[in-house]
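Here the structure is laid out as structure tokens; the discussion comes afterwards.
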Amino acid sequence: MAELLVIRHAQASFGADDYDKLSELGHRQSELVGQALRDAGWVPDRLVTGTLKRQQETLSSMGFAGRPDTHPGLNEYDFHDLLNVRFAGKVPDPVRSDRKTHFRTLRETILDWQAGGLEGARESWRMFVDRVDAARRYATKTDARRVLVISSGGPIGQLVAFSMGAPASQMIALNLQVKNTSLTRFFFSSSSFFLHEFNTTPHFATQERAQLLTYS
């Protein structure tokens, strides 16, 4: 069977005016995961990313040659839009600046979204699910045997939940666990798609590198 290796983008610029770019640490994380794959003899024969800058910069810093295909279904859901709908355009400052508050609010907001709330959001939960599945089918409709995908926490959580037949509520539980540059591996064929490993970070396994692990 063929492999689909999905990597979450490296650390973005949390709290900055432009979140959608890698931090200096994010570039270092990307270099390390790319080198770890090459050291293991795992070199992709197809590259796919979403259209977000942080995803494309992650792939670039990983150092693999070749022009990637892109699919917007691999992009993160628009949490800023969901927050604006939830709070009627007046998002509390701690939600934007405090990590603990941010992630607690993220969980609450996504569960509401999944349950059919947040009417007026640019993207419904059903639209998100459908585009992630379209991206999965796009990435796996190939003769390639090793497909490398750079995506984000939400789509990765959804892909894992889909592969396990888990309820929608499990997507956000999985989403919140996904580490920057972690590896989530699936095996696939024309008739099957199943999870092999989730959220691993062998490139941060040493005590020295453990301090480089991040979640945002």
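The values are calculated or read from the model by the stated rules, or taken from the named source; none is laboratory data. Computed from a predicted model, the values in this text were never measured in an experiment. Cβ atoms come from the backbone with ideal geometry, glycine included; neighbour counts cover every protein chain shown.
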Test result for Arg54, part of a helix (DSSP H, G or I), touching a strand residue (DSSP E or B) at 6+ places or on another chain (Cβ under 6 Å) and surrounded by 16 or more Cβ atoms within 10 Å (Cβ to Cβ): yes
Residue, nearest to Gln11 (Cα to Cα), within the range 143-171, restricted to residues that are surrounded by 14 or more Cβ atoms within 10 Å (Cβ to Cβ) and without any contact (Cβ under 8 Å) to a residue 40 or more places away in the chain: Gly157
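Restricting the search to the range 61-78, which residues are within 18 Å of Tyr19 (Cβ to Cβ) and either surrounded by fewer than 16 Cβ atoms within 10 Å (Cβ to Cβ) or hydroxyl-bearing (Ser, Thr, Tyr) (or both)? Let's see the steps before the verdict.
So in the range 61-78, the residues within 18 Å of Tyr19 (Cβ to Cβ) come out as 61, 72, 74-78.
The answer is Ser61, Pro72, Tyr77, Asp78.
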Meets criteria (outside the structural domain of His9 (by TED's automatic domain parsing) and either more than 12 Å from the chain's Cα centre (by Cα) or surrounded by 19 or more Cβ atoms within 10 Å (Cβ to Cβ) (or both)) for Ser97: yes
Flag if Thr181 is under 19 Å from Gln29 (Cβ atoms), among the polar types (S, T, N, Q), touching a residue at least 40 places away in the same chain (Cβ under 8 Å) and in a loop (DSSP other than H, G, I, E, B): yes
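Going through the range 112-131 one residue at a time, which ones are assigned to a helix (DSSP H, G or I), among the acidic types (Asp, Glu) and either surrounded by 14 or more Cβ atoms within 10 Å (Cβ to Cβ) or touching a Cys at 6+ places or on another chain (Cβ under 7 Å) (or both)?
First, pick out the residues of the range 112-131 that are assigned to a helix (DSSP H, G or I): 112-114, 125-131.
Applying the additional criterion that residues be among the acidic types (Asp, Glu) yields 112, 130.
If the condition is that a residue be assigned to a helix (DSSP H, G or I), among the acidic types (Asp, Glu) and either surrounded by 14 or more Cβ atoms within 10 Å (Cβ to Cβ) or touching a Cys at 6+ places or on another chain (Cβ under 7 Å) (or both), then Asp112 is the only one that fits.
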Which numbered condition Leu82 fails, given (1) outside any loop (DSSP other than H, G, I, E, B); (2) in contact (Cβ under 8 Å) with a residue 40 or more places away in the chain; (3) buried (at least 18 other Cβ atoms within 10 Å of the Cβ); (4) out of contact with any His (no Cβ under 9 Å at 6 or more places or on another chain): (2)
Conditions (1) within 23 Å of Phe198 (Cα to Cα); (2) surrounded by 14 or more Cβ atoms within 10 Å (Cβ to Cβ): number failed by Asp39: (2)
Residues within the range 87-130 that are touching an Asp or Glu at 6+ places or on another chain (Cβ under 7 Å) and not small (Gly, Ala, Ser), tallied: 3
Some residue of the range 132-142 being surrounded by 15 or more Cβ atoms within 10 Å (Cβ to Cβ), out of contact with any helix residue (DSSP H, G or I) (no Cβ under 9 Å at 6 or more places or on another chain) and modelled with pLDDT of 95 or more: yes
